[in-house]
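Quick notes on the structure that follows.
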Amino acid sequence: MKKIVTTEAPAAIGPYSQGMILGNMVFSSGQIPVVPATGEVAGDTITTQAEQSCKNVAAVLQAAGSSMEKVVKTTCFLADMGDFGEFNKVYETYFVSCPARSCVAVKTLPKGVLCEIEAIAYIEEV
């Protein structure tokens, strides 16, 4: 196993890594909408926050040698299922491979954010 470390995504805020590589598979930790450069939450709407979460997932995958096009499974967490439609509008522009997905509403998320996304992707064998 190999840890993924990149400054292009938020640093882990606990005892975990941004992601792990095992063989040709990448497992990202959940990415909340924190702007890596500032550590601040991006905006206060589901659209802005979903956009930043997607960018953070993309950064972790890129650091691992993968990409959003190679995502096979995501798990999405929403603070309010009423945001589902707006979340999907952003999600579909990033996860163009239409990966398998679970999407659930949760009571709270770290830093009081509105969404969190984790992904499993593959790395092309060279």
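Leaving out ligands and nucleic acids, note down the accessible area per residue over the chain with a 1.4 angstrom probe, in whole Å². Write down the numbers at each step before the final one.
Values: 6610 Å² over 126 residues.
On a per-residue basis, the chain sits at 52 Å².
For the chain, what is the Kirkwood estimate of the hydrodynamic radius, computed as the reciprocal of the mean inverse distance between distinct Cα atoms, to one decimal in Å? Before the final figure, lay out each step's value.
Working: mean 1/r = 0.0699 Å⁻¹.
Radius from the Kirkwood sum: 14.3 Å.
Where the accessible area of segment 34-115 is counted over protein heavy atoms with a 1.4 Å probe, how much of it, in %, is carbon and sulfur?
Details: 2160 of 3960 Å².
Summing carbon and sulfur atoms, their accessible area is 55 percent of the total for segment 34-115.
Using only Cα atoms, tell me the angle between helix 46-63 and the longest principal axis of the chain; keep it within 0 to 90° and round to the nearest 10.
Helix 46-63 sits roughly 10 degrees off the main axis of the chain.
Starting from the Cα of GLU92, move 7 Å in the Cα-to-Cβ direction to define the label point; list residues of segment 31-73 whose amide nitrogen is under 20 Å from there.
46-55, 68-73
Ordering THR45, THR75, THR93 from largest to smallest accessible area (1.4 angstrom probe), what's the sequence? It would help to have the intermediate numbers written out before the result.
Values: THR45 60, THR75 30, THR93 90 Å².
The ranking, largest first, comes out as THR93, THR45, THR75.
Can you give the FRET efficiency to the nearest 0.05 for ILE123 and ALA100, using r as the Cβ-Cβ distance and R₀ = 22 Å?
On the way: r = 18 Å, r/R0 = 0.82.
Step by step, r from the Cβ atoms, then E = 0.75.
Suppose every K and R has +1 on its Cβ and every D and E has -1 on its Cβ; what is the size of the dipole of the chain about the Cα centre, in Debye to the nearest 20?
On the way: 9 positive and 13 negative charges, 70 e Å.
That gives a dipole near 340 debye.
Mind pulling the angle between the C-alpha long axis of helix 84-94 and the longest principal axis of the chain? Nearest 10 degrees, somewhere in 0 to 90.
In the chain, helix 84-94 runs at an angle near 30 degrees to the longest axis.
The values are calculated or read from the model by the stated rules, or taken from the named source; none is laboratory data. Treat the numbers as computed from the prediction; the structure is a model and nothing was measured. Using ideal geometry, Cβ is built from the backbone for each residue, glycine included, and neighbour counts are taken over all protein chains shown. Note: areas computed on protein heavy atoms with side chains; ligands, DNA, RNA excluded. Shrake-Rupley method; radii C 1.70, N 1.55, O 1.52, S 1.80 Å.
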